[in-house]
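Visitor: So that we are looking at the same thing, I have put the structure below in structure tokens.
None of the figures in this text is laboratory data; all of them are computed from the coordinates on show. This is a predicted model, so every value here is computed, not measured. So basically every Cβ, Gly included, is an ideal-geometry build from the backbone, and we count neighbours across all protein chains shown.
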Amino acid sequence: MLSKPYLIDSNDLSSDDLEIIFTKAKYFKENFDGSPFNDLKNVTTAFAFFEPSTRTKLSFELAAKRLSGTTISYDFQSSSQLKGETLVDTIRTMEAMQVDLFVVRHSTNGTPEMLQKNTSGSIINAGDGTKDHPTQGLLDAFTLIEKYGDLSGLKVTIVGGITNSRVAQANIKILRKLNVEVFLCGPKQLLPTDKIWEGKIFNNIDDAIEKSDVIMLLRLQKERMDEGKMPSMSEYIKFFGLSSDNIDNKNISIMHPGPVNYGVELDWEINKNPNCLIQTQVQNGVFIRMAVLSTLAEKYK
Ligand code: CP
């Protein structure tokens, strides 16, 4: 059991919760041989994505299948929300169909929290606005633990538009719980102010590479940027884009949550670097989501 019967905010995760999830994810990764486990037998999970997703949606769906769960997928474009049904009514309607776990992505901050107040099921936040994306933070931390073991003192720089990135918020919360030194790098307009962030900040990627063990690049979110909140694309690439030239022969891990804007945050060539962890992150996403679903499902068995 986790300390809360849902997963909405990365700050809700205690050290014990992290240990439970990482241990389970490791178990699933080491023991999955193609045959499903039974952790979600008699448990129903709904995937309610009100915003596009490839990795999170598919990996949650696969995770539930690999645990023998019953699943339904809500499709906004063909739903009665287009006829005026409210979000709460959508969730309550699925609850009446005996759905237990709700995996929710929404563009508005706080939506998972609001829905949790209106259901006796368990909400799992699959990304809300710019606020949080707990399972992304968990899979990133798990990927680093696999590579480095104890993360105490590891230096991780998150590069990009920090203030409008839910991935950054989740990672800052979870990595700090694991005693990682988290640094930031990005355009001034997209960094937290001194009052909010007391840690180190780099103004360009070369300085960040010099002082870090891991560079975690964020997708440049054109869809969330207000007018004037971003340098020009060419400036962004010059100061914050990563190419093989920046890395040279340095022993530094490279992460990106995806989807990647190749040629902006990083060059395609970086995928050939043995320290590029992007595919491992995607792979681990399935096992972390299996661990989260399995743990939260205990309440319903
Ligand atoms: N990292 C991530 O959340 O990717 P998707 O938007 O494809 O789910």
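Visitor: What is the chain by shape, rounded, prolate or oblate, if you read a ≥ b ≥ c off the alpha carbon gyration tensor as root eigenvalues and call it rounded for a/c under 1.5, prolate for a/b larger than b/c, and oblate otherwise?
Guide: Prolate shape, in that a/c is at least 1.5 and a/b is the bigger ratio.
Visitor: By how many nm would the segment from TYR300 to SER120 lengthen if fully extended, with 0.36 nm per residue of separation less the alpha-carbon distance?
Guide: Difference between extended and current length: 63.7 nm.
Visitor: Just to be sure I understand: with springs between alpha-carbon atoms less than 10 Å apart, which residue in GLN116, GLN169, GLN77 has the highest mean-square fluctuation in the Gaussian network model of the chain?
Guide: Highest fluctuation among the options: GLN77.
Visitor: Follow-up. What do you get for trypsin sites (Lys or Arg not before Pro) in segment 17-95 restricted to DSSP loop and a cutoff of at most 16 other Cβ within 10 Å of the site's Cβ?
Guide: When the trypsin sites (Lys or Arg not before Pro) of segment 17-95 are filtered for loop state and at most 16 Cβ neighbours within 10 Å, LYS41 remain.
Visitor: So in the chain, what percent of DSSP beta bridges are antiparallel if you round to the nearest 5?
Guide: Bridges in the chain that DSSP calls antiparallel: roughly 5 percent.
Visitor: With springs only between Cα atoms under 10 Å apart, run a GNM on the chain and tell me which of ALA25, ALA141, ALA96 wobbles the most.
Guide: Taking springs between Cα atoms under 10 Å, the residue moving most is ALA96.
Visitor: Out of segment 160-264, which trypsin sites (Lys or Arg not before Pro) are coil in DSSP terms and have no more than 15 other C-beta atoms within 10 Å? Present the calculation step by step, with values, prior to reporting the outcome.
Guide: Working: sites: ARG166, LYS173, ARG176, LYS177, LYS188, LYS195, LYS200, LYS211, ARG219, LYS222, ARG224, LYS229, LYS238, LYS250; in loops: LYS195, LYS200, ARG219, LYS229, LYS250.
Taking segment 160-264 and a limit of 15 other Cβ atoms within 10 Å, the loop trypsin sites (Lys or Arg not before Pro) found are LYS195, LYS229, LYS250.
Visitor: Can you report the principal axis dimensions of segment 1-53 using only the alpha carbons, biggest first, rounded to whole angstrom?
Guide: 32, 30, 23
Visitor: What's the FRET efficiency of THR23 with LYS238 using the Cβ-Cβ distance as r and R₀ = 35 Å, to the nearest 0.05?
Guide: Plugging the Cβ-Cβ distance into 1/(1 + (r/R0)^6) gives 0.20.
Visitor: For segment 204-274, which GluC sites (Glu not before Pro) are in a loop by DSSP, counting at most 11 other Cβ atoms within 10 Å?
Guide: Within segment 204-274, the qualifying GluC sites (Glu not before Pro) (loop, at most 11 other Cβ atoms within 10 Å) are GLU227.
Visitor: More than 21 Å apart: what percent of Cα pairs in segment 134-252 qualify? Could you put the intermediate results ahead of the total?
Guide: Working: 2549 of 7021 pairs.
Pairs farther apart than 21 Å: 36 percent.
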